[in-house]
Amino acid sequence: MAKKRFTYDDAYDEDEELLLDRKAKRKRERELERQRQEAEQAPQHPADETMVRVVAACQANQWREAAVICLTAMERFRQEGQPEMAESISAAFQKIDRSLRRQMIAAFVRESETLLSHKE
């Protein structure tokens, strides 16, 4: 039986990682296929979407929007009978509420300073 000649294309895959033999390449392909199947089968948890929206609002310094998202999510989870999820959103809401209050106080102080500086 003739031995197959080793070529550069046989040694490298799409990611340009060196594969020493066909067995390792097949094992890697099976692992990638298993990961793809797990990603397709894993349903996205509803809290993940909520938290993504909350984080996006917080990063944009939109504390009121983030607080509203948290409050509606907490109510929804309580109605659906998921008290653990409501509790985790509640913990995030407490921090967001503090940031919202801090933002409101800073805006009040800033406006007060400008008002007082115009009267002088």
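The values are calculated or read from the model by the stated rules, or taken from the named source; none is laboratory data. All figures in this text were calculated on a predicted structure; none of them were measured in a lab. Cβ placement follows ideal geometry from the backbone for every residue including glycine, while neighbour counts extend to all protein chains displayed. All accessible areas refer to the heavy atoms of the entire protein, side chains included, with ligands and DNA or RNA removed. Shrake-Rupley method; radii C 1.70, N 1.55, O 1.52, S 1.80 Å.
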Per-region count, the range 85-110, residues over 19 Å from the mean Cα position of the chain (by Cα) and free of Cβ contacts under 8 Å to residues at least 40 places away in the same chain: 13
Exactly one of ARG53, ARG34, ARG78 is part of a helix (DSSP H, G or I) and exposed (fewer than 12 other Cβ atoms within 10 Å of the Cβ), and that one is ARG34
Mind checking which residues of the range 80-120 are hydroxyl-bearing (Ser, Thr, Tyr) and over 19 Å from ILE69 (Cβ atoms)? SER112, THR114, SER117
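Go through the range 56-75 and report how many residues are under 23 Å from ILE105 (Cβ atoms), without any contact (Cβ under 8 Å) to a residue 12 or more places away in the chain and open to solvent by 70 Å² or more (accessible area, probe 1.4 Å). Steps first, please.
Initially, the range 56-75 is screened for residues under 23 Å from ILE105 (Cβ atoms), giving 57-71.
Checking which are without any contact (Cβ under 8 Å) to a residue 12 or more places away in the chain leaves us with 59-60, 62, 65, 68.
Narrowing the set further to residues that are open to solvent by 70 Å² or more (accessible area, probe 1.4 Å) leaves 59, 62, 65, 68.
So the answer is 4.
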Confirm whether PHE77 is more than 16 Å from GLU49 (Cα to Cα) and out of contact with any Asp or Glu (no Cβ under 6 Å at 6 or more places or on another chain). no
